[in-house]
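Working notes for the structure below.
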Number of protein chains: 2
Amino acid sequence: MALEFDLIDTYFAPLSQGFDSVDVGIGDDGAVLNIPKNHQLVVVTDTLVSGVHFPENTAPYDIAWKALAVNLSDLAAMGATPASYSLALTLPEYSADWLRSFSDGLRDLSAQFAIPLIGGDTTKGALTITVTAQGWVPNQQAILRSGAQEGDVICVTNTLGEGALGLKLALNDWHDSFTENDLSSEEKNRALNALNRPMPQLAMSTDMRGLVNSAIDISDGLLADLGHILNRSSKAIKRRGVQGELSLLKRGHSGVKNLIGADIELSQLPLSSGVTRYVNQTKDWSLPLSGGDDYQLCLTLTEANYQKLNDVLKAKKISLTVIGQVVKQQGIRCFEHGVVQKN
Amino acid sequence: MALEFDLIDTYFAPLSQGFDSVDVGIGDDGAVLNIPKNHQLVVVTDTLVSGVHFPENTAPYDIAWKALAVNLSDLAAMGATPASYSLALTLPEYSADWLRSFSDGLRDLSAQFAIPLIGGDTTKGALTITVTAQGWVPNQQAILRSGAQEGDVICVTNTLGEGALGLKLALNDWHDSFTENDLSSEEKNRALNALNRPMPQLAMSTDMRGLVNSAIDISDGLLADLGHILNRSSKAIKRRGVQGELSLLKRGHSGVKNLIGADIELSQLPLSSGVTRYVNQTKDWSLPLSGGDDYQLCLTLTEANYQKLNDVLKAKKISLTVIGQVVKQQGIRCFEHGVVQKN
């Protein structure tokens, strides 16, 4: 935990102080944390590499925000209560301005969830940020990718494709049928904000407990991440079938074919005005379907539980949109107004 | 926790399986771990950058070993029982041979302590490895840097300077009075092994509980790391003094002068035959004093507790050598056969 000492004291130690949960924070070989009773520990890790996971000209404030946000988003998807995080920061050179802005980004996001920085390491090299975050869930109440069931409705929070639209703005990456001039300044701001300062859906993570069968955060894009749910859930169904001798599937025969898939109705995807116009003008659904960088949650649950959860979330002004259903088939079929689309 | 899927399945998933403590391992948004009752969580993080923390030609097996070992060494210094670890691996390119060797290194070291890999992230970029490790300590029994007391004896485990001698061998970095020809092949192997495959002192970490006042692992070099103990302990003594109104020191006056320092007797430093010959021929004590990369423990405890701990460790064939004492003074004074040395 050898953060360079002047860096720690100036920029990072303030992010560690004043938390009852932290028995020992930054400055020792490791941090010592108090544990709530009857809970399990949830650990997540994500790395951001400059030029790969964010454009190289991204502001340090936004880099820090995003590095923490993508981890908190994983905690949110598991129904966890965030507890703390550590930072491994590899920097090409020391810059006080850069570090001030970076630590401000960490501070502002972590303050929203009252979680401390508990340690880390700073090293010299190409700009790379790894955050590991810890959270708690009541015993056996973690929400997994593997719990989807045939008949579940598939929902997503808020809107999709916004981060991918922001990336097009940041990289100035357009084609003939759509350019940034097709967006209002409000739409541009919204998209850039989604790219640079994604908000992890922690405001609803604990509400999902006991209601949701499976969840994942949409970082790779809706189709990829929903695919992870279907793969993991299919394996789990096979495993349970084998264990209960309720299935004809042979032991060790996993990974061949999925038992469940999904039908998605594209016209139901919740899209902002900017993304809607992009899709309409380009006929290209890739932003909401595979753009990634959304950090919304995709979840599956029974229709009855959807009504319950939606009532809770309405009061919090979080929208939860049904976009499809888990069905007994291979893969994901996309419909547009009921007409199946070719992949 | 998006390890690239073929990498996970082939190289990393096997390191995650078969552990009762892991409720959910690699493959979900995060890992879910069971917590022992009446314990606190200890979290440590260290990053290794190629060419900075290990020579660029280091074998991938050894890189992995070291990346995990330096973290387990931090857990050892805190008196923690290791529980699990996650891996953030940034790689310039995909190589099956490289990954096989790397995962073998992780497997062989983690198997010694029966701890699972619980997740991680693989990204493309300059070779950088961040490991975050989790451990447990019984409530309030973590051993900190901040507990040293005036009168404590200062001990180190095993021998010092071995990793730094290994680094000289790896970099072929010698001067006139000493070259690698002055070392036997056994001495060379021992030094290179200390550099590339340091063994975290977890075999004794739980024995220290209740006996040791302060501990740190020697990663930066004895003087630097002992200095960390003295700084942190001085601050803690001031804090306690102020709180108990037993001190004349004013509130907020910390960080000005240390209340405790150390006297070290160089002739007592435990050195291998190779490091001894190096020191004798060059009159240069930098290998054991500031070479770093030792991953031995430096600890302070009362004379009486030293006898108790030493008896326990003798049975485990771990040597614990008294090298000096905590005294009421500024800084660290080094003696050679009782004669004080200039810094």
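Each reported figure results from applying straightforward, stated rules to the coordinates on display, with no laboratory input. The model shown is predicted, which means the values in this text are computed figures rather than measured ones. Cβ sites come from the backbone with ideal geometry, for glycine too, and all protein chains shown count toward neighbours.
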Given a Förster distance of 22 angstrom, what is the FRET efficiency for B:Gln149 paired with B:Gln330, based on the Cβ-Cβ distance and rounded to 0.05? 0.85
At 222 nm, what value in deg cm²/dmol follows for the protein assembly as shown if DSSP H runs of at least 4 each add -39500 (n - 2.57) and the sum is divided by all its residues, to the nearest 500? -10000 deg cm²/dmol
Would you kindly state how much longer the chain becomes between A:Gln140 and A:Ala59 on full extension, computed as 0.36 nm times their sequence separation minus their alpha carbon distance, in nm to one decimal? 25.2 nm
Viscosity 0.692 mPa s, temperature 37 °C, Stokes-Einstein D of chain A from Kirkwood C-alpha radius, µm²/s: 154
Given A:106-118, B:279-291, the highest-first ranking by average Cβ count within 10 Å works out to A:106-118, B:279-291
Violating pairs (Cα-Cα greater than 22 angstrom) within the set A:Lys37/B:Lys238; B:Lys168/B:Lys283; A:Lys66/A:Lys314; A:Lys257/A:Lys308; A:Lys283/A:Lys342: A:Lys37/B:Lys238; A:Lys66/A:Lys314; A:Lys257/A:Lys308
Restricting to Cα pairs under 8 Å and 6 or more apart, the percent relative contact order of the range A:1-150 works out to 37
Taking 0.36 nm per residue of separation and subtracting the Cα-Cα distance, what length does fully extending A:His175 through A:Asp104 add? 22.0 nm
With 0.36 nm assigned to each residue of separation and the Cα-Cα distance removed, A:Ser273 to A:Ala114 gains 53.9 nm
Karplus-derived 3J(HN,Hα) from phi for the range A:151-162 (6.51 cos²θ - 1.76 cosθ + 1.60, θ = phi - 60°), whole Hz, x at Gly and Pro, runs x, 4, 7, 9, 10, 10, 8, 6, 10, 10, x, 5
From the label point of A:Arg209, set 7 Å from Cα along Cα→Cβ, how far away are the matching label points in the other copies, in nm, ordered shortest to longest? 2.7
Degrees between helix A:273-282 axis and first principal axis of chain A (Cα, 0 to 90, nearest 10): 60
Magnitude of the charge dipole, the protein assembly as shown, Cβ model with Lys/Arg +1 and Asp/Glu -1, debye to 20: 1720
Using the crude model of +1 on Lys and Arg Cβ and -1 on Asp and Glu Cβ, and no other charge, please compute the dipole size for the range B:275-343 relative to its Cα centre, in debye to 20. 120
Can you compute the modelled spin-label distance between B:Asn193 and B:Gln341, with each label point 7 Å from Cα toward Cβ, in nm? 2.7
For the range A:15-20, just list the computed ³J(HN,Hα) in residue order, Karplus coefficients 6.51, -1.76 and 1.60, θ = phi - 60°, integers in Hz, with x standing in for Gly and Pro. 7, 9, 9, x, 10, 5
If you bin every alpha carbon distance in the range B:145-340 into 10 Å steps from zero, what whole percent lands in each bin? 9, 34, 32, 18, 5, 1, 0
Over chain A, calculate the relative contact order: mean separation of alpha carbon pairs under 8 Å at least 6 apart, over the residue count, as a percent. 23
Mind checking the mean number of beta-carbon atoms from other chains within 10 Å of the Cβ atoms in A:19-25? 2
Two-site label geometry, A:Ala315 and B:Lys317: point separation in nm, points 7 Å out along Cα→Cβ: 6.5
So for A:Met199, B:Met208, fewest C-beta neighbours within 10 Å to most, what's the order? A:Met199, B:Met208
At B:Ser184 and A:Val52, where each label point lies 7 Å from the Cα along Cα→Cβ, what is the point-to-point distance in nanometres? 4.6
Find, among the chymotrypsin sites (Phe, Trp or Tyr not before Pro) in the range B:55-94, those assigned to loop by DSSP (not H, G, I, E, B) with at most 15 other beta-carbon atoms within 10 angstrom. B:Tyr94
Quick one: pull the percentage of alpha-carbon pairs in the protein assembly as shown with a separation above 52 Å. 15
Label point 7 Å beyond Cα along the C-beta direction, distances from B:Ser273 to other copies (nm, shortest first): 8.3
Can you list the residues, at least 5 places off or on another chain, whose amide H is less than 5 Å from the amide H of B:Arg333, using H built in the peptide plane? B:Ala262, B:Asp263, B:Ile264
Suppose you put the label 7 Å out from Cα in the Cβ direction; list, shortest first and in nm with one decimal, how far B:Asn57 is from each other copy's label. 4.2
By the Kirkwood definition, with r running over pairs of different Cα atoms, the range A:5-138 has a hydrodynamic radius in Å of 15.0
Spelling out what I want: for every residue of the range B:199-216, take phi, set θ = phi - 60°, compute 6.51 cos²θ - 1.76 cosθ + 1.60 (Karplus), and round to whole Hz; glycine and proline get x. 9, x, 7, 6, 5, 10, 4, 6, 5, 6, 4, x, 10, 9, 7, 7, 7, 8
Using +1 on the beta carbon of Lys and Arg, -1 on that of Asp and Glu, and nothing else charged, what's the dipole of the range B:5-138 about the Cα centre, debye to 20? 320
Let me check against my output: what whole-number percent is the relative contact order of the range B:145-340, with C-alpha pairs under 8 Å and at least 6 apart? 44
So the angle from the long Cα axis of helix B:96-113 to the longest Cα principal axis of chain B, reported in degrees to the nearest 10, equals 50
For chain A, take the longest principal axis of its alpha carbons; what is the angle in degrees between that and the long axis of helix A:60-77, to the nearest 10 within 0 to 90? 50
Please identify, among B:Asn189, B:Asn181, B:Asn71, the residue showing maximal mean-square fluctuation in a Gaussian network model of chain B using a 10 angstrom Cα cutoff. B:Asn181
